[in-house]
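The values are calculated or read from the model by the stated rules, or taken from the named source; none is laboratory data. A quick note: this is a predicted structure, and the numbers were derived from the prediction, not measured. Cβ placement follows ideal geometry from the backbone for every residue including glycine, while neighbour counts extend to all protein chains displayed. Quick note on the areas: whole protein, heavy atoms, side chains included, nothing else; ligands and nucleic acids left out. Shrake-Rupley method; radii C 1.70, N 1.55, O 1.52, S 1.80 Å.
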Amino acid sequence: VKKPIYKRWWFWVIAVILVIGFTGGSNEPEIVSSNGGSVQQVAGQTQFAIGDTATLNNVFVTFEDVTESRGSEFIEPADGNVFLLCEFTIENHTDSELNISSLVCFNAYVDDYTTGLSFSAESSTNKNALDGTIAPGKKMNGIIGYEVPRNWKTLEIHFTPDFWSSNENFVFVCNK
């Protein structure tokens, strides 16, 4: 009588190797460089601030700057609002192309309320939006724009480099 396959020692060795291979290490972003110790843990998430560079699964993201704008001659925010232009640099250190979509990869919250991407905000500047493909070993720099109340206090941006696995993301926070 043969033993069932799950009772053989080599079956469990292969199973453990496969589990380790599929998990692929940490699913939490880690700090690469900081603007002076701003990294913090809030509600089980690691949050990064302006000037921080974080990495997750060989994708490096730097939160460069946040600029408040009243628009341009032709494009202005609604009364009582301002544009927030958030600049990021994304580096692809993986073996495959990285597709970035400002609509799909970024979610933002202003004072704990969700806010949507503003094409008007992005159009009011001469900087590139964060949309496109990053080849292995290459970088992308650009902005994400939001229209928010003038008296905003906290901006929280969630960036997911692979929108198919939404549980792995970076959280960047900016206080006014």
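Which of the residues that make up the range 108-158 are more than 18 Å from residue 89 (Cβ to Cβ), open to solvent by 40 Å² or more (accessible area, probe 1.4 Å) and either in a loop (DSSP other than H, G, I, E, B) or basic (Lys, Arg) (or both)? Result: 111, 112, 116, 150, 151, 153. Count of the range 78-107 residues, restricted to those that are outside any strand (DSSP E or B) and either open to solvent by 20 Å² or more (accessible area, probe 1.4 Å) or in contact with a Ser or Thr (Cβ under 6 Å, 6 or more places away or on another chain) (or both), is 12.
The number of residues in the range 54-77 being open to solvent by less than 30 Å² (accessible area, probe 1.4 Å) and closer than 30 Å to residue 135 by Cβ comes to 8.
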